[in-house]
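Structure first, commentary second.
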Amino acid sequence: MQSTVSQAQALKVLFSNRILTMETLLEIENKDRTLVPFKLQAIQRDMLETSTPRDIYVKPGQIGATSVHVADFYLDNITINGTVSVIISYDDFSAERLLLKAKKYHRSLERRIPTIPHLDHKSATELSWENKKTNFSSFMYIFSARSYTKGRGEAIHNLLLDEYAFWPPGTHEDVFASAVQRVPLKVGTKVRFVSTPNGEDNPFCEFYRAAKEGTVVAKSVYKHHFYPWYLHEEYMMLADDDFCLEADAFDPLPNITAEEQILIQRINGLLECDDFLAQAKIRWRRYKIAEMASMRRSGETIFIFPQEYPEDDETCFITAGGQAYNADIVETKIRNCIPAPITHNLVSAQGLSASVDIWHDKEEGRGYVIGIDPGKGKTSESVASVWTFYEGYTDKDGKEHSPILQHCATLAGFYDEAEMGDYCKLLGHYFNGAVLAPEDNLDLVSHVRDYPDLYWREDVRTGKVSRSIGWQTNVSTKPYMITEVNRLLEYLDCQDSRFWSQCKNIRRNASVKSGIIVVGADDHHDAGAITVVCRDAQPVHRGFVGVSGWSDSWGR
């Protein structure tokens, strides 16, 4: 016997799944200016599936991010009595477009379900829905960042800050102080910051990095989301496409650079696709880069591809001035980073375990140095960075071979000094009895004194060895450490993106005594930098051409 489902039951099921509701009942204008069913793209779908009460999104341009968040808010407005949604865009034109988008969603749904609450377009910034029979009412306000009315009485249940990185200077703080504080800490409320990157020197970049770095230790209540451009299904170009560059109208794609090959591997791994699709995406990328290079004013490209179409959440934030390290080298290194291919577990005598990310596993006969930046228990990260060093040499044909400072592994976590000490000793034994070079500014040293091979501090000016264990970071040694890393920057072979990301947080500033300020986390940076300046502690070993240890002059 076939059962029947009432319209009310069917609607209840339909509205219980937000994605199903959107794709079944709403329409959207596509890029051909035609109204079509709202079928979500991969990024749009993930935004809904992974959203939390407080989110911040870094996304590529033109992927429909705002459309999906406006639709989500709209469905709250017509289904939850008393809902107040506020959407703030970066300019008046965009605000008007978002208002029109919400109205179109309503018209498409009203044709299917005429009984939904009535829409009243009250003003240029306000939409309201009401049903007098059921005493239902809700409101949606859409402003530009400059026109936002700073009311403080009415609660806001849904708040979208759209293209936040492009807001006019001074508006970020005003809106944050008024609008965000009006969102109650109640289940069901939503605050979402959404933007394409717009340089490093703006509140959006700072806000995103705080969410990325600080969620674990409650420094940020926001969940960070990053979407590279190649996740978008439309961003690809076949060899026979009308817009394909003449030199790229071949399959397979010719003249693939080393940078593109790394990107192809990343695309293949993330999308689980073959080279045909990955190369189609590279072909599209080449066209967009050429297109942007054609749009110049006073010798400068107006639109910058890594910003409009980010590939990672570091290089997308075009670096501000004052960096201590060469920005071009750092960004090139970041693009070459990959996830650690090996994971090794360390188990302490107390039965506690820690995971080590390994890019280059131990080799018999090799010497290693482990730089340690101890954290503060559960409030900042403790990091141990394992490196090995190959000296430069001249071969029998007179060819110069540059030195290589190779990062091998990273241990990182929120451990107290005793835990970190135990794990570092285990890590040292694993890497052939590596030299431990802790930073001597916390209690960690007392927990590693029984380790057989420790770094004994040298005076950076005289080279005289003291009877103190560990590298001491102060206003005198910090500039030396950074200068030494900078001098050897191009020779650092490190594929851990955390190290390079934090290199961007080290800035020159003449107003402070050391000449250096840190604008974000620096645990991974300092652990690696300590290893570089303490590299002479590496045990003597055979080099590339049979020369033992380091030359007397190299690295001085």
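The values are calculated or read from the model by the stated rules, or taken from the named source; none is laboratory data. Given the structure is predicted, the values throughout are model-derived calculations rather than measurements. Here the Cβ is made from the backbone with ideal geometry for all residues, glycine too, and neighbour counts use every protein chain on show.
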Notebook entry, point to check: Quick check, is Asp361 under 21 Å from the mean Cα position of the chain (by Cα), of a type outside the set (Val, Ile, Thr), at pLDDT 95 or above and in the same structural domain as Val519 (by TED's automatic domain parsing)?
Noted result: no
Notebook entry, point to check: Before we move on, is Asp91 surrounded by 19 or more Cβ atoms within 10 Å (Cβ to Cβ) and closer than 18 Å to Ala179 by Cβ?
Noted result: no
Notebook entry, point to check: Between a first residue in segment 347-366 that is in a loop (DSSP other than H, G, I, E, B) and a second residue that is acidic (Asp, Glu), which pairs have beta carbons less than 8 Å apart while being 6 or more apart in sequence or on different chains?
Noted result: Ser348/Glu419; Ser348/Asp422; Ala349/Asp422; Gln350/Asp422; Leu352/Glu419; Leu352/Asp422; Trp359/Asp496
Checklist line | Evaluation of Asp312 against (1) within 20 Å of the chain's Cα centre (by Cα); (2) buried (at least 20 other Cβ atoms within 10 Å of the Cβ); (3) at pLDDT 85 or above (one fails), failing number | finding: (2)
Notebook entry, point to check: Which residue out of Ala293, Ala258, Ala320 is of a type in the set (Gly, Ala, Ser), more than 15 Å from the chain's Cα centre (by Cα), at pLDDT below 90 and under 30 Å from Ala510 (Cβ atoms)?
Noted result: Ala320
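Do any helices (runs of 4 or more DSSP H) entirely within segment 1-117 hold 1 or more residues that are within 30 Å of Ala210 (Cβ to Cβ), and if so, which? Even if it seems obvious, please write down each step before you answer.
Numbers: elements: 7-15, 18-25, 42-49, 65-79, 92-112.
Once the helices (runs of 4 or more DSSP H) in segment 1-117 are filtered for at least 1 residues that are within 30 Å of Ala210 (Cβ to Cβ), what remains is 18-25, 42-49, 65-79, 92-112.
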Next item on the list: Could you check His344 against (1) out of contact with any Asp or Glu (no Cβ under 9 Å at 6 or more places or on another chain); (2) surrounded by fewer than 19 Cβ atoms within 10 Å (Cβ to Cβ); (3) in contact (Cβ under 8 Å) with a residue 12 or more places away in the chain and say which number it fails?
Entry: (1)
Checklist line | Close pairs from segment 114-127: first over 17 Å from Lys104 (Cβ atoms) and surrounded by fewer than 12 Cβ atoms within 10 Å (Cβ to Cβ), partner modelled with pLDDT of 80 or more and not hydroxyl-bearing (Ser, Thr, Tyr), Cβ under 9 Å, at least 6 apart | finding: Thr115/Asn131; Lys122/Phe139
Notebook entry, point to check: Condition test on Lys376, is it part of a loop (DSSP other than H, G, I, E, B), loosely packed, with under 12 Cβ neighbours inside 10 Å and basic (Lys, Arg)?
Noted result: no
Notebook entry, point to check: Here are Glu234, Glu173, Glu200: which of them is assigned by TED's automatic domain parsing to the domain that holds Lys31, surrounded by fewer than 16 Cβ atoms within 10 Å (Cβ to Cβ) and not hydrophobic (A, V, I, L, M, F, W, C)?
Noted result: Glu173
Next item on the list: State which residue pairs qualify: first residue assigned by TED's automatic domain parsing to the domain that holds Ile88 and more than 23 Å from Lys39 (Cβ to Cβ) and inside segment 52-72, second residue among the hydroxyl-bearing types (Ser, Thr, Tyr) and surrounded by fewer than 23 Cβ atoms within 10 Å (Cβ to Cβ) in any location, beta carbons under 8 Å apart, and separation of 6 or more residues or different chains.
Entry: Pro53/Thr189; Arg54/Tyr222; Ile56/Tyr222; Val58/Thr196; Val58/Tyr227
Note to self: Given the options Gln265, Gln279, name the one that is loosely packed, with under 15 Cβ neighbours inside 10 Å and either in a strand (DSSP E or B) or not assigned by TED's automatic domain parsing to the domain that holds Asp522 (or both).
What the structure shows: Gln265
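Kindly indicate which of Arg97, Arg107 is in contact with a Leu (Cβ under 9 Å, 6 or more places away or on another chain), more than 23 Å from Ala155 (Cα to Cα) and charged (D, E, K, R).
Values: Arg97 fails: in contact with a Leu (Cβ under 9 Å, 6 or more places away or on another chain).
Answer to the check: Arg107.
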Check: Has segment 483-497 got any residue that is surrounded by 19 or more Cβ atoms within 10 Å (Cβ to Cβ), among the aliphatic types (A, V, I, L, M) and within 17 Å of Leu405 (Cβ to Cβ)?
Finding: yes
Notebook entry, point to check: Limited to segment 119-170, what total is found for residues that are of a type in the set (D, E, K, R) and assigned to a loop (DSSP other than H, G, I, E, B)?
Noted result: 8
Check: If you check every pair at least six apart or on different chains, which have Cβ atoms under 8 Å apart with a residue in segment 410-432 that is modelled with pLDDT of 95 or more and assigned to a loop (DSSP other than H, G, I, E, B) first and a residue that is of a type in the set (A, V, I, L, M, F, W, C) and surrounded by 20 or more Cβ atoms within 10 Å (Cβ to Cβ) second?
Finding: Phe431/Ile370; Phe431/Val386; Phe431/Cys408; Phe431/Ala409
Notebook entry, point to check: From the residues in segment 202-244 that are at pLDDT 95 or above and of a type in the set (A, V, I, L, M), which one is nearest to Val519 (Cα to Cα)?
Noted result: Leu231
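A quick yes/no check of all residues on (1) assigned by TED's automatic domain parsing to the domain that holds His360; (2) out of contact with any Pro (no Cβ under 8 Å at 6 or more places or on another chain); (3) within 24 Å of Ile358 (Cα to Cα):
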| site | (1), (2), (3) |
| --- | --- |
| Ile372 | yes, no, yes |
| Gly375 | yes, yes, yes |
| Val383 | yes, yes, yes |
| Trp387 | yes, yes, yes |
| Tyr393 | yes, yes, no |
| Gly398 | yes, yes, no |
| Ala412 | yes, yes, yes |
Notebook entry, point to check: Could you count how many residues in segment 387-408 are buried (at least 19 other Cβ atoms within 10 Å of the Cβ) and without any contact (Cβ under 8 Å) to a residue 60 or more places away in the chain?
Noted result: 1
